[in-house]
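Undergrad: Input: one structure, supplied below.
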Amino acid sequence: MTSRICAVIPAYNAADTIQQIIKGTFNHVSHVIVADDGSTDNTSQAASDAGAEIISIGKNRGKGNALKRLFQHAANQGYDAVISIDADNQHDPEEIPLFLKAHRKYPDEIILGSRMHEKEKIPRARYNSMLIARFFVSLAANQFIEDTQCGFRLYPLSLIKKMTLTTDRYVTETEILIKAGDMGFKIRTVKIGALYGAQTSHFRSVRDVDAITAYVTSYQLIKWFKESVTSDRPYTYSPNHIRDWIGKNKFIDGRFQTLCALTIYPLMVLFLFEYLFFSRIIKNNFASIRRLDCGFFKIFLNAYMLPVLLVAATAEKVLNVMGFKARFTDRFIQTFYPNLWNKKG
């Protein structure tokens, strides 16, 4: 038990599962805070009966907003760190000691659960999307992050206070990883079980993936622009970052993300040119890419292969519907979205 770490649970319509999660969590931490994100069932009552403190959010505003409310509430109560765990039984509270042990060794760093070692338990389409997501999130975060989509995490609140969080829903968890990594903080991983069953996830496979992709793209373009015109600057995030300024205005942010989506491929050509020729004037520009020793052309090719992958995935799906067992996208993803940091340890 520790009085300086509490557990936080964002919850939406989780009355059937939340008591089990809370009771298991109390085996390892002394305080649990639940943010009821506008549930229409009796999530709040069930959580309260299990002994949790409740923050009621009148209207459903998504996981990101709930997490930000939980972070602030825990900080106001004097906690140094929080363990975030989902309310839908996709995380096992009995694995909390893994996070606590890692936190004692690395108290200033995010501890992230990873399910990637249990590939056979993860739906194939979900696993492939996780591979692609971790490739691009890792690029923005300056390090390999094994499972960027896992919500079972330990966050040091001192680190959270160093960043301005402007996104919502499922994008916020990605935003935190990118900004922590782009400040130079290491993100540590502990292996956890992959629990996929009958539980209902509120993750919207199209809209939420699109939102995460749009944010990562818009952040990465700004990051590379900064790196292209400066020497030895792999870490570009700091207070008053331009991406935060844009993100604070949803109208401007939406149009900025659309602009980034429309211009990413011509900008990639520009960045490739700057990588190859500006280095004679600006020594070690694109410092984060040069650390990988893979060259910018490989990153360039990875980005340009995404539309090809989309076509291939569509063709594979059609073939499977017709009765053919096609799985060529697996090899495609392994080839074009590998762990570029493998040689770096």
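Undergrad: Taking the conditions exactly as written (modelled with pLDDT of 90 or more, acidic (Asp, Glu) and either touching a strand residue (DSSP E or B) at 6+ places or on another chain (Cβ under 9 Å) or not assigned by TED's automatic domain parsing to the domain that holds MET116 (or both)), does GLU316 satisfy them or not? If you could, list the steps in order and put the result at the bottom.
TA: Values: modelled with pLDDT of 90 or more: no; acidic (Asp, Glu): yes; either touching a strand residue (DSSP E or B) at 6+ places or on another chain (Cβ under 9 Å) or not assigned by TED's automatic domain parsing to the domain that holds MET116 (or both): yes.
The answer is no for GLU316.
Undergrad: From the set of residues in segment 1-55 that are over 25 Å from the mean Cα position of the chain (by Cα) and of a type in the set (Ser, Thr, Tyr), which is nearest to ARG104 (Cα to Cα)?
TA: Residue satisfying both the conditions and the ranking: THR2.
Residues are listed down the side, and each one gets a yes or a no for (1) polar (S, T, N, Q); (2) in contact (Cβ under 8 Å) with a residue 12 or more places away in the chain:
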| site | (1), (2) |
| --- | --- |
| LEU259 | no, no |
| ILE289 | no, yes |
| TYR304 | no, yes |
| LEU310 | no, no |
| LYS325 | no, no |
| THR329 | yes, yes |
| ILE333 | no, yes |
| TRP341 | no, yes |
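Undergrad: Can you confirm whether ILE264 is among the aliphatic types (A, V, I, L, M) and touching a residue at least 40 places away in the same chain (Cβ under 8 Å)?
TA: Values: among the aliphatic types (A, V, I, L, M): yes; touching a residue at least 40 places away in the same chain (Cβ under 8 Å): yes.
In short, yes.
Undergrad: Separate question: Any idea which of ALA180, ALA133, ALA125, ALA140 is closer than 21 Å to PRO107 by Cβ and hydrophobic (A, V, I, L, M, F, W, C)?
TA: On the way: ALA133 fails: closer than 21 Å to PRO107 by Cβ; ALA125 fails: closer than 21 Å to PRO107 by Cβ; ALA140 fails: closer than 21 Å to PRO107 by Cβ.
Only one candidate qualifies: ALA180.
The values are calculated or read from the model by the stated rules, or taken from the named source; none is laboratory data. Remember, it's a predicted structure, so these values are computed and weren't measured experimentally. Cβ coordinates were reconstructed from backbone atoms using ideal geometry, including for glycine residues, and neighbour counts include every protein chain displayed.
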